[in-house]
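Novice: So that we are looking at the same thing, I have put the structure below in structure tokens.
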Amino acid sequence: MRFMQSINNLNNNIEQFEANKLPGQYKVIDSAIQNHKCLKTYVIDDYDTLERDDAISLEELNDKYILWIHITSPNEHIELSSSVDREARLKASTIYYVNKPDYMYPKDIINLLSLEQGQDRITLSIGVSFDRNYNIIDFSVKRSLINPDFILSYSDVDDLLDYRPKEEEELFIIYNFLNHVRNKRFNNGAIHIDEPEGVFYYRDNIPYHKIKFPSPSKALVSEAMILYGGIMATYCKNNSVIVPYRCQQVVDIKRINSNTSNTNSHYQNHLLKQSLNKSFISVEALPHFSLGLECYLQCTSPLRRYLDVIAQYQILKHLDGQAKLNINDINQHISNFNIRFNENIQKYRVDKLLAINTWFQQNNSCSWKCRFLRFLNKKENICILYFIDLELDILCKLVDSELISNNYLVEVRYISQEPKSGLLVFACLNK
């Protein structure tokens, strides 16, 4: 009952957090909740993450397996249009500033809903049945009661997948199954650009740089979330549940690949990203081209993205046989979210640019090898440079760039940041 006590200790202004819908009571009185506490359940994320949305577990039944993917369920506890919900709606998403995140929900609530080791949590789960050859048989959508056994970092999971101890055989089966699912998506035309990524972070108010590399564990989690979103989209489409689908129109990738097959891989990936149509949100279940799916629903991050809350709300109401939001309501939520989310992206970019500029100021004696990707405004010398050692694309101004062309290797040195535009300014050292 520690969960109940924590709820009662919340600040009084969180008045509509529903204390009548808590795991301690669900497991006793609600037959709609499937008890999965007996399954070994993994939460895979960075150790310093606060918003742990998702978990996975494996069930073995005779000649088949069931992969359960669990997503925490704020809707079980926070009523739509309550004060907490309205605040989350206004924020639209968590903003991951370089120094510290600005969370969509108050930390007290996140701590009560985040999937933590040894804590009962209600989730909205899918069960994907597959045979011994990793072929999907069917799926189900359930409310679940879980109690995670392990909080593992990506590095932990990479080690387990590498050493494959018998005690964690479930994890290896999950990994093999999700690889099979991933390969099927690729056969359907899915595109995945898997590159190292340079990121900045603060320690003692000083910005530092590090590189995040792709890994088997990150591929496992990513594929599990894509599978969840694809299955939930199919479920909603088949049951006429109105939700905010994420869609992307088709492009001719064969033509792009044939024109760039002999170029640098990062430059080729840049061209590929530029050629893709921008994804959009719609109440119509349209295909998502780069994911290789007939329809897709973002619904795996309800602690950090508000439209996921709305998608989850619709599914839960369908499971309960209760009235759902209508198409006008969903379209209004999409419109409001798009405005707020785009504002959040701009706030994040300004903050990130500030950290990058400060870091370059601290390293202004260095020169940097870059690959010139393209001009955005040649007259103003505005371009995109790929900093090879930093694994980082930067929109910037490049002085003395008249003779440079796309995919050209250049050496640059930091000069300053333009006060008006905020763009970083670099000098080209190539003669």
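What follows draws every value from the coordinates through simple rules; no lab data is involved. Note that the coordinates shown come from a computational prediction; the quantities given were computed from them, not determined experimentally. Note: ideal-geometry Cβ built from the backbone for every residue, glycine included; neighbour counts use all protein chains shown.
Novice: Could you calculate the contour length gain from Lys64 to Asp252, that is, 0.36 nm times the residue separation minus the distance between their Cα atoms, to one decimal place in nm?
Specialist: Length gained, Lys64 through Asp252: 63.8 nm.
Novice: Along each principal axis of its Cα atoms, how long is region 32-145 end to end? Whole angstroms, biggest number first, please.
Specialist: Largest to smallest, the principal-axis extents are 47, 32, 25 Å.
Novice: Taking K and R as +1 and D and E as -1, what net charge do the other residues with C-beta under 12 Å from the C-beta of Ser405 add up to? Before the final figure, lay out each step's value.
Specialist: Working: positive: Arg371, Arg374, Lys378; negative: Glu402.
My count for the surroundings of Ser405 gives +2.
Novice: Using 32 Å as the Cα-Cα cut-off, could you pick out the over-long pairs in Lys278/Lys352; Lys107/Lys352; Lys100/Lys378?
Specialist: On the way: Lys278/Lys352 22 Å; Lys107/Lys352 23 Å; Lys100/Lys378 36 Å.
Correct reply: Lys100/Lys378.
Novice: Same structure again: From the Cα gyration tensor of region 55-211, with a ≥ b ≥ c the square roots of its eigenvalues, which class applies: rounded if a/c is under 1.5, or else prolate if a/b is larger than b/c, or else oblate?
Specialist: Note, shape of region 55-211 comes out oblate.
Novice: What is the ratio of the Cα radius of gyration of region 325-380 to 2.2 N^0.38 Å, where N is its residue count, to two decimals?
Specialist: Here the answer is 1.89, to two decimals.
Novice: Check Ile415: other-chain or 5+ apart residues with amide H under 5 Å from its amide H, H built from backbone geometry?
Specialist: Counting only residues 5 or more places away or on other chains, the set is Val425, Phe426, Ala427.
Novice: Taking Cα atoms of region 260-330, Rg/Rh with Kirkwood Rh, to two decimals?
Specialist: Across region 260-330, the Cα-based Rg/Rh ratio is 1.16.
Novice: Let me ask something else about it. So for the pair Ser155, Asn99, with labels modelled 7 Å out along Cα→Cβ, what separation do we get in nm?
Specialist: 2.7
Novice: Then there is this: For the chain, set up a GNM with springs between Cα atoms under 10 Å and report which of Ser57, Ser240, Ser282 has the largest fluctuation.
Specialist: For the chain, modelled as a Gaussian network with Cα springs under 10 Å, the answer is Ser240.
Novice: Using the Cβ atoms and a cut-off under 11 Å, what net charge is assigned to the surroundings of Cys247, where Lys and Arg are +1 and Asp and Glu are -1?
Specialist: 0
Novice: Mind computing the radius of gyration and Dmax over the alpha-carbon atoms of region 215-351? Å is fine for both.
Specialist: Gyration radius and largest Cα-Cα distance of region 215-351: 17.1, 56 Å.
Novice: With n ≥ 4 as the cut-off for DSSP H runs, can you work out [θ] at 222 nm for the chain, using -39500 (n - 2.57) per run divided by the number of residues, rounded to the nearest 500? Mind dumping the intermediate values first?
Specialist: Numbers: 11 runs with 152 residues, N = 431.
Using -39500 (n - 2.57) per qualifying helix, the result is -11500 deg cm²/dmol.
Novice: So, one more: Say we join alpha carbon atoms closer than 10 Å with springs in a Gaussian network model of the chain; which of Asn187, Asn344, Asn269 then has the biggest fluctuation?
Specialist: Ranking Asn187, Asn344, Asn269 by mean-square fluctuation puts Asn187 first.
Novice: If I take the Cα coordinates of region 148-255 and project them onto the principal axes, what are the three extents in Å, biggest first?
Specialist: 49, 40, 33
Novice: Determine the relative contact order of region 364-428: mean sequence separation of Cα pairs under 8 Å and six or more apart, normalised by residue count, in whole percent.
Specialist: 34
Novice: Determine the gain in length on full extension of the stretch Cys38-Lys369; use 0.36 nm per residue of separation and subtract their C-alpha separation, reporting nm with one decimal.
Specialist: This chain segment gains 113.8 nm when fully extended.
Novice: Among 221-232, 328-339, what's the highest-first ranking by average C-beta atoms within 10 angstrom per residue?
Specialist: 221-232, 328-339
Novice: Tally Lys and Arg at +1 and Asp and Glu at -1 over the other residues with C-beta under 10 Å from the C-beta of Glu223: what net charge comes out?
Specialist: +3
Novice: Right, next: Take the chain, compute every pairwise Cα distance, and split them into 20 Å bins from 0; I just need the percent in each bin.
Specialist: Histogramming the chain at 20 Å steps yields 22, 54, 22, 1 percent.
Novice: May I ask for the percentage of alpha-carbon pairs in region 315-431 that lie more than 26 Å from each other? Please list the in-between numbers first.
Specialist: On the way: 2651 of 6786 pairs.
Value for region 315-431: 39 percent of Cα pairs lie more than 26 Å apart.
Novice: Moving on. Based on the Kirkwood radius over alpha-carbon pairs, what is the Stokes-Einstein translational diffusion coefficient of region 364-428 at 37 °C with 0.692 mPa s viscosity, in µm²/s?
Specialist: Answer from the Stokes-Einstein relation: 283 µm²/s.
Novice: Another one. Evaluate E = 1/(1 + (r/R0)^6) for Lys347 and Ser275, where r is the Cβ-Cβ distance and R0 equals 35 Å; express this FRET efficiency to the nearest 0.05.
Specialist: Given R0 = 35 Å and the Cβ-Cβ separation, E is 0.80.
Novice: When the chain is modelled as a GNM with alpha-carbon springs shorter than 10 Å, which of Ile126, Ile384, Ile242 fluctuates the most?
Specialist: Ile384
Novice: For region 77-144 and region 154-169, what is the separation of their Cα centres, given in Å?
Specialist: Between the Cα centre of region 77-144 and that of region 154-169, the gap is 25 Å.
Novice: How far apart, in nanometres, would the label points at Ser240 and Ser83 be if each is projected 7 angstrom from Cα along the Cα-to-Cβ direction?
Specialist: 4.0
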